[in-house]
Amino acid sequence: MRRAFLNRVSDMIRNEQDTTFFTVDIGMWAIRDVLKEFPDRCTNVGIFEDGMFSIAAGMASRGLIPTIFGIQPYLIERTLEQIKMDLAYQKLGVNVVGTGAAVDYPKYGYSHYCAEDVQIIKMIPGCEFVAPGSAKQFIQLFNQSYRDGHPTFYRISDHPNQEYDVDVTFGKANVIQKGQKATVVVVSIMLDEVMKVCKNQDVTVLYYTTLEPFDHETLSENCPTGKVLIVEPEFEGSLLYDVHKALPERALQIEQVAFPREIFRNYGTYQEKMEYYGLTASHVEAALNRLV
């Protein structure tokens with residue numbers, strides 16, 4: 001996904017005169033030619049995330065289309081005041097692309113984790129949150145939304161889906177399959193793991209890559225039993241409010257496969273962490289069995 005994003009940025013800067021790009025000492029080598037050729041619109045600002053947000057906001061206020069790039073916890077947690085005041089309050093369209101979500105950088109420890117990203121951004125009115133499951137989906141979602149005038153956060157991952165790479169539309173969920181026993185709401189890079197379990201089951205699978213705004217209508221129309229399994233690569237409960245909002249006045253039975261709400265103090269590989277915290281097909285199967 002990172003390569004697809006940087007290629008898209010290079011194309012954008014070369015061909016769209018009203019676009020700008022800023023990064024914080026990450027990804028420079030891949031776009032070094034663009035940084036050199038367009039120093040007035042394409043800049044490495046150094047380790048200065050909060051300042052980068054304010055610079056981008058200033059450019060957006062003058063009608064430019066800024067895109068900024070960094071590591072997810074530093075883009076979201078370090079810059080929360082700038083997100084709130086410079087972007088959301090001012091209603092400015094800035095595209096924020098973050099890598100290293102949740103536990104994508106396992107060897108660097110807790111400072112590089114960000115399982116809380118979805119909840120933080122969803123609590124700031126006017127912001128959008130996009131979580132593609134593949135490089136193709138990032139390009140589709142970015143092209144559909146990068147000029148919509150909203151602060152839009154794109155979470156990219158180094159661990160995309162390999163088998164299920166469907167076309168996606170900003171703001172809409174995909175109905176992967178329909179069934180009667182339960183509805184599985186699956187987010188982003190978890191689709192492959194979910195389909196290992198669900199492809200031969202009598203359950204509905206809804207695939208979400210836009211988490212804000214959330215597509216309540218598709219869930220409302222595809223939940224015949226009130227039994228819902230939420231599978232999301234972020235803190236558990238990140239989409240719980242939206243699931244309840246989509247299904248008002250209904251008795252719900254909900255299971256969740258997600259990161260637990262705790263500080264991650266252990267170490268290991270990415271796959272070891274996904275197994276330890278229960279984000280694998282076997283855990284999806286166990287949760288689905290409890291549900292149905």
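The values are calculated or read from the model by the stated rules, or taken from the named source; none is laboratory data. Since the model is a prediction, treat every value here as computed from it, not as a measurement. For neighbour counting, all protein chains shown are included, and Cβ atoms are generated from backbone atoms with ideal geometry for every residue, glycine included.
Confirm whether LEU141 is under 12 Å from the mean Cα position of the chain (by Cα) and surrounded by fewer than 24 Cβ atoms within 10 Å (Cβ to Cβ). Yes, satisfied.
Considering only the stretch 263-292, state which residues are surrounded by 12 or more Cβ atoms within 10 Å (Cβ to Cβ), charged (D, E, K, R) and either under 15 Å from GLU236 (Cβ atoms) or in contact with a Pro (Cβ under 7 Å, 6 or more places away or on another chain) (or both). Of everything in the stretch 263-292, just one residue is surrounded by 12 or more Cβ atoms within 10 Å (Cβ to Cβ), charged (D, E, K, R) and either under 15 Å from GLU236 (Cβ atoms) or in contact with a Pro (Cβ under 7 Å, 6 or more places away or on another chain) (or both), namely LYS273.
For the stretch 62-119, name all the residues that are under 16 Å from the mean Cα position of the chain (by Cα) and charged (D, E, K, R). Once the filter is applied, which keeps residues that are under 16 Å from the mean Cα position of the chain (by Cα) and charged (D, E, K, R), the stretch 62-119 yields GLU77, ASP104, GLU116, ASP117.
Any idea which of VAL103, VAL94, VAL9 is β-branched (Val, Ile, Thr), touching a Pro at 6+ places or on another chain (Cβ under 7 Å) and crowded, with 21+ Cβ neighbours inside 10 Å?
Values: VAL103 fails: touching a Pro at 6+ places or on another chain (Cβ under 7 Å); VAL9 fails: touching a Pro at 6+ places or on another chain (Cβ under 7 Å).
Exactly one of VAL103, VAL94, VAL9 is β-branched (Val, Ile, Thr), touching a Pro at 6+ places or on another chain (Cβ under 7 Å) and crowded, with 21+ Cβ neighbours inside 10 Å, namely VAL94.
Residue pairs whose Cβ atoms lie under 6 Å apart, sitting 6 or more positions apart in sequence or on different chains, and linking a residue in the stretch 40-66 that is over 13 Å from VAL94 (Cβ atoms) and in the same structural domain as ARG78 (by TED's automatic domain parsing) to a partner that is acidic (Asp, Glu) and buried (at least 19 other Cβ atoms within 10 Å of the Cβ), do not occur here. Could you tell me whether the stretch 185-192 includes any residue that is out of contact with any helix residue (DSSP H, G or I) (no Cβ under 6 Å at 6 or more places or on another chain), of a type in the set (Asp, Glu) and either at pLDDT 95 or above or assigned by TED's automatic domain parsing to the domain that holds GLY93 (or both)? Looking for residues that are out of contact with any helix residue (DSSP H, G or I) (no Cβ under 6 Å at 6 or more places or on another chain), of a type in the set (Asp, Glu) and either at pLDDT 95 or above or assigned by TED's automatic domain parsing to the domain that holds GLY93 (or both), one finds at least one in the stretch 185-192, hence yes. Take TYR74 and tell me if it is touching a strand residue (DSSP E or B) at 6+ places or on another chain (Cβ under 9 Å), buried (at least 17 other Cβ atoms within 10 Å of the Cβ), at pLDDT below 95 and farther than 20 Å from PHE170 by Cβ. When the stated conditions are applied, TYR74 does not pass them. A single entry from LYS227, LYS245, LYS178, LYS199 fulfils the requirement of being within 30 Å of ASN143 (Cβ to Cβ), in contact (Cβ under 8 Å) with a residue 12 or more places away in the chain, touching a helix residue (DSSP H, G or I) at 6+ places or on another chain (Cβ under 8 Å) and among the basic types (Lys, Arg): LYS245.
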